[in-house]
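*Asks:* Questions regarding the structure given below will be posed in turn.
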Amino acid sequence: MDDGDDPGRLLIIGGAEDKCCGAGVLERFAEMCGGGQARIVVITTATGRPGQVLAEYEQVFRKLGVRHVKELPISGRADADGPAAAAALDGATGVFLSGGDQSRLQTLVGSRINDQLSQRLADGLVVAGTSAGATALGRTMILGGNGAEVATAAVRTAPGLGLMPRMLIDMHFGERGRLPRLLSAVALEPDRLGVGIDENTAIYVRKDRFEVLGTGVVSVVDAERATVVHAASDSDPITLFDVRLHLLPAGCVFDLAGRSPAIGPAHARY
């Protein structure tokens, strides 16, 4: 999928989403997948406790009326390239990538499952990711990095699944003070749009726009027209001029083609 393609329908969640029945972005995901007719596959690769994580999501989805919820266990590249994993996705209406350690999701990148997700997305599959599962949806995913400096050494990245190729996605954003990390990542790839998503907050992406849902804020960093000067040392600060920053609470929409925000539908606060 190249940058000009329609990325289909995605729900990208900043982590720590509300798991109570009757409220939250997970309810929106269940509706998007078909409600009572939904068939949801949960990919637990990122977590070190897949059984517990699966049980949590099974409980909330079943309370929301979804009868068919199953895990797609992928622990290595052989699983990601195998026929069993491919068959598990065939009948799914929605795929949910759990949180955890995003470095574990590297085993999916470039795999048969990665290709199948791209193809099925174009055919109407709904894909959601939370926390680690959210950042992995970009062509580049953020693996880690901390500190107050905007510098090359302040962020670690790796190739992602490429389902949302124009974005660099960061999560737990406001709660963990990750603006310097996202700015550092965007400075390395200024053509990408930096999107930092707070907890219990999501963006619903369809075609060339997204809508903000949930209780927090989405921070959008646009360095397309910025001046970027990299320092001699990776640990020294990067020079950035004319970076645009947008703060979008629920009810706002963002035009990805025009890179412009707007106040959107009032019902978006889920």
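Every read-out reported here was derived from the displayed coordinates using simple, explicitly stated rules and does not represent laboratory data. What you see is a predicted model, and the numbers here were worked out from it, not measured in a lab. Positions of Cβ are generated from backbone atoms using ideal geometry, with glycine treated the same way; all protein chains shown enter the neighbour counts.
*Asks:* Where does each of 38-47, 76-85 land if you order them by average Cβ count within 10 Å, highest first? Walk me through the intermediate numbers first.
*Replies:* On the way: 38-47: 22.9, 76-85: 15.1.
Packing proxy ranking, top to bottom: 38-47, 76-85.
*Asks:* Related question: Can you tell me which lysines have their Cα less than 23 Å from the Cα of Lys19? Leave out same-chain residues fewer than eight positions away.
*Replies:* Lys63, Lys70
*Asks:* Between Leu245 and Ala158, what length in nm is gained on full extension when 0.36 nm per residue of separation is reduced by their alpha carbon distance?
*Replies:* That pair, Leu245 and Ala158, stretches by 28.9 nm at full extension.
*Asks:* List the residues whose amide H sits under 5 Å from the amide H of Ser260, counting only those 5 or more places along or on another chain, with H placed 1.01 Å from N in the peptide plane.
*Replies:* Asp255
*Asks:* Here's something else I'd like to know. Kyte-Doolittle cut-off -1.0, length cut-off 15 Å along the helix's own axis using Cα: show which whole DSSP H helices in the chain pass. Working shown, then result.
*Replies:* On the way: long enough: 50-63 (20 Å, -0.64); 112-122 (16 Å, -0.90).
Those that pass (Cα extent of 15 Å or more, hydropathy at least -1.0) are 50-63, 112-122.
*Asks:* Work out, step by step, the length gained on full extension between Asp115 and Arg206: first 0.36 nm times the residue separation, then minus their alpha carbon distance; give nm to one decimal. Intermediate results must be reported in sequence, preceding the final value.
*Replies:* Working: separation 91, 0.36 × 91 = 32.76 nm, distance 1.94 nm.
So the extension gain works out to 30.8 nm.
*Asks:* How many angstrom lie between the C-alpha centres of the stretch 168-195 and the stretch 196-243?
*Replies:* That distance is 5 Å.
*Asks:* For the chain, what does the alpha-carbon gyration tensor say about shape, rounded, prolate or oblate, given a ≥ b ≥ c as the root eigenvalues, a/c under 1.5 as rounded, and a/b over b/c as prolate? Intermediate results must be reported in sequence, preceding the final value.
*Replies:* On the way: a/c = 1.75, a/b = 1.40, b/c = 1.25.
Note, shape of the chain comes out prolate.
*Asks:* For a protection proxy built on the mean count of beta-carbon atoms within 10 angstrom, sort 28-34, 126-132 highest first, please.
*Replies:* On the way: 28-34: 21.3, 126-132: 26.9.
Final packing ranking: 126-132, 28-34.
*Asks:* Pull up all non-local amide H partners of Ala128: gap of 5 or more, or a different chain, and H-to-H distance under 5 Å with H placed in the peptide plane.
*Replies:* Distant-sequence amide H within range of Ala128: Leu11, Val95, Phe96, Leu97.
*Asks:* To continue, here is another question. Among Ile13, Val221, Leu183, which residue has its Cα positioned farthest towards the positive end of the charge dipole of the stretch 9-268, with +1 placed on the Cβ of Lys and Arg, -1 on the Cβ of Asp and Glu, and the dipole taken about the Cα centre?
*Replies:* Value computed over the given set: Ile13.
*Asks:* So which trypsin sites (Lys or Arg not before Pro) in the stretch 129-210 pass both tests, a DSSP loop state and at most 16 other Cβ atoms within 10 Å of the Cβ?
*Replies:* Working: sites: Arg139, Arg156, Arg166, Arg176, Arg178, Arg181, Arg192, Arg206, Lys207, Arg209; in loops: Arg139, Arg166, Arg176, Arg178, Arg192, Lys207.
Answer in residue order: Arg176, Lys207.
*Asks:* In deg cm²/dmol, rounded to 500, what helix-only [θ] at 222 nm does the chain give when every DSSP H run of at least 4 residues adds -39500 (n - 2.57) and the total is split over its residues?
*Replies:* On the way: 7 runs with 61 residues, N = 270.
Calculated at 222 nm, the ellipticity per residue is -6500 deg cm²/dmol.
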